[in-house]
Amino acid sequence: TRKTGKLESDLDAWQNCNKEMFVRVLTGSQAKPKMSMKFLVDTGNLGRSLISERLAQVLGLQLHPTSLTIKAAQGSKVQIKGETNSIKFYIEQCPTTFNWRFLVIKDLCAPGVFGTDFLNLNNVGVQLTSFGQNHLTFMGKPDLTVPLVTPRASNLPHPLADTRFKGAGIFRQQPNKAAGQL
């Protein structure tokens, strides 16, 4: 049997639960290539939104010290590596350009986690249904719904769903060991 660390066991748990609680995110600029990944929408995270240390490294983000401390749901202390500058990104099928500062966490279970700080400030609602098709809504935009996807869903949406993702690279939380790269 393979011994797994906390990161791997958290990822395995999310992948096996098959719940639609992730949203596809696109980031990049003229200086940095476009990259697509899935962020967990965590309504139980009553604090700050987070990104993984690995994603921060891949994006080449400068980190700033922070005196903030946070705890995991189980009560264990979480290692904060720093805070990012504002990161520009898009959410699948949402026309808004977002800019947000994230706390960078060592061994985060996903590339990113949207907490209630982001959801509240951007008036984002999370609609959970008993038949699947969970989605995000945005106050002031009654016709806009953004699909939530499972952890096993593709990092890229269908090509016709959001053309901004065309040509984007894919970020995977765990390195692709066969290729030795992302």
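According to a simple spin-label model (label point 7 Å from Cα along Cα-to-Cβ), what is the distance in nm between residue 72 and residue 139?
3.3 nm
Go through 93-99, 67-73 and give me the packing order, highest mean Cβ count within 10 Å leading.
Averaged packing, sorted descending, gives the order 93-99, 67-73.
Using a 1.4 Å probe, how large is the accessible area of residue 126, given in Å² and rounded to the nearest 10?
Near enough 40 Å² of accessible area.
Could you order peptides 84-91, 163-170, 129-136 by the average number of other Cβ atoms within 10 Å of their residues, highest first?
Result, highest mean first: 84-91, 163-170, 129-136.
Round to the nearest 0.05 the FRET efficiency obtained for residue 129 and residue 166 when R0 = 25 Å and r is the Cβ-Cβ distance.
So, using R0 = 25 Å, E works out to roughly 0.30.
Multiply the residue separation of residue 153 and residue 116 by 0.36 nm, subtract the distance between their alpha-carbon atoms, and state the gained length in nm to one decimal.
Between residue 153 and residue 116, full extension yields 11.0 nm more.
Leaving out ligands, DNA and RNA but keeping every protein chain, what accessible area does residue 54 have, in Å² rounded to the nearest 10, with a 1.4 Å probe?
50 Å²
The values are calculated or read from the model by the stated rules, or taken from the named source; none is laboratory data. This is a predicted model, so every value here is computed, not measured. Virtual Cβ from ideal backbone geometry, glycine too; neighbours counted across all protein chains shown. Surface areas here come from the heavy atoms of the whole protein model, side chains and all, with no ligands, DNA or RNA. Shrake-Rupley method; radii C 1.70, N 1.55, O 1.52, S 1.80 Å.
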